[in-house]
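One structure below.
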Amino acid sequence: MKKMYILGIESSCDDTSAAVLNDNILLSNVTASQDVHREYGGVVPELASRAHQQNIVPVVDAALKRAGITKEQLSAVAFTRGPGLMGSLLVGVSFTKGFARSLGIPMIDVNHLQGHVLAHFIKEKPEDTTPPFPFLCLLVSGGNSQIVKVNAYNDMEVLGQTIDDAAGEAIDKCSKVMGLGYPGGPIIDRLARQGNPLAYKFSEPHIPGLDYSFSGLKTSFLYSLRKWVQDDPDFIEHHKNDLAASLEHTIVNILMKKLRLAVKQTGIKHVAVAGGVSANNGLRNAFHDHAKRFGWTIYIPKFSYTTDNAAMIGITGYYKYLDKDFCSIDKPAFSKVTF
Ligand code: KG4
């Protein structure tokens, strides 16, 4: 079969990213991040869509150039159709429609969450190893926390998911309450490495099954902090490492407890982690620890494929292309989580 070139486009939140794949081998992955949100302590949707407008054409041009191909060589364009911020998604979706139509090539719509999971199949070299089916994937990002059973590239079942906040959202909010910068995840991660994870206890949820909940932890963190700061106004400054380590420890405990239950219920011991929070050192250590203690075979993505990127959209597009699963020109973006 003729080799194909797929262009992947990701614009669901605050990263404009484009990637080129030759079959399942990644040739380029270019991302423009948006620093404009830092001073607001969170993503401002209107500013995000404006920045995507500025970045999308240069990012796509750079990805093609780095891959060493011209746009006329492309076989298809895969793009994130949702979930995400509507204004951000519309930039990628509208760009893709115009671009694919002008080249006369198919479009492939990709669910951003499926993209995070299939990031495990991005190959930089043909000999790179990938998980066998079926495997379990803990998908933890700023907007989602799910346990997914991955039966095949295009066949996934959500076994459990958050009923309120996502893990990344909880970390970001607690970090904001501590007056740290945005996004909080990498800052908490850095501080936690110097702190005592058992210094403070925060409430853990007791909900049945494989679902998660993080809003109670967020409230418990906020109320405890308020009380401690009332007694000592410099409390955060003096104890931020221990606070970060204890928060991270609690979140990792919550995540791993349900994941152990999912392994027990399904009997599947091939376990992957994906999404922005999978960059976290404490979570990565917990995965290694579980591999040793319980004989799991674990799959942890490269840092560059944990947060939003177009390589994961391109690889998902590749497997949908093999199934001839194309998208019609009239399909709109969608903002809400569906999987
Ligand atoms: O997957 P992602 O880039 O975006 C979504 O699709 O949501 O995830 C972003 C989330 C943010 O909440 C961010 O704080 C968190 O991932 N994050 C981390 C780390 N790096 C990013 N959380 C904990 N430790 C990290 N090192």
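Figures for the structure shown
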| read-out | value |
| --- | --- |
| Filter result (surrounded by 24 or more Cβ atoms within 10 Å (Cβ to Cβ) and polar (S, T, N, Q)) within region 268-305 | SER278, ASN280 |
| Selection from region 72-95 of residues that are touching an Asp or Glu at 6+ places or on another chain (Cβ under 9 Å) and away from the ligand (no atom under 16 Å from the Cβ) | ALA78, VAL93 |
| Helices (runs of 4 or more DSSP H) lying entirely in region 161-256 (those with 2 or more residues that are more than 16 Å from GLY282 (Cα to Cα) and not hydroxyl-bearing (Ser, Thr, Tyr)) | 167-177, 215-231 |
| Single match in GLY185, GLY195, GLY168, GLY181 (criterion: in the same structural domain as ASN144 (by TED's automatic domain parsing) and surrounded by fewer than 18 Cβ atoms within 10 Å (Cβ to Cβ)) | GLY181 |
| Residues satisfying the stated conditions in region 95-108, i.e. surrounded by fewer than 16 Cβ atoms within 10 Å (Cβ to Cβ) and polar (S, T, N, Q) | SER102 |
| Condition met for ALA32 (at pLDDT 95 or above, over 19 Å from SER328 (Cα atoms) and within 16 Å of the ligand (Cβ to nearest atom)) | no |
| Residues of region 215-231 classified as farther than 30 Å from ASN144 by Cβ and either surrounded by 12 or more Cβ atoms within 10 Å (Cβ to Cβ) or touching a residue at least 24 places away in the same chain (Cβ under 8 Å) (or both), total | 2 |
| In region 254-298, residue farthest from GLY115 (Cα to Cα) [restricted to those that are aromatic (Phe, Trp, Tyr) and away from the ligand (no atom under 14 Å from the Cβ)] | PHE294 |
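The values are calculated or read from the model by the stated rules, or taken from the named source; none is laboratory data. Please read these numbers as outputs of a predicted model, since none were measured by experiment. Counting neighbours? That spans all protein chains shown, and the Cβs are built from the backbone with ideal geometry, glycine included.
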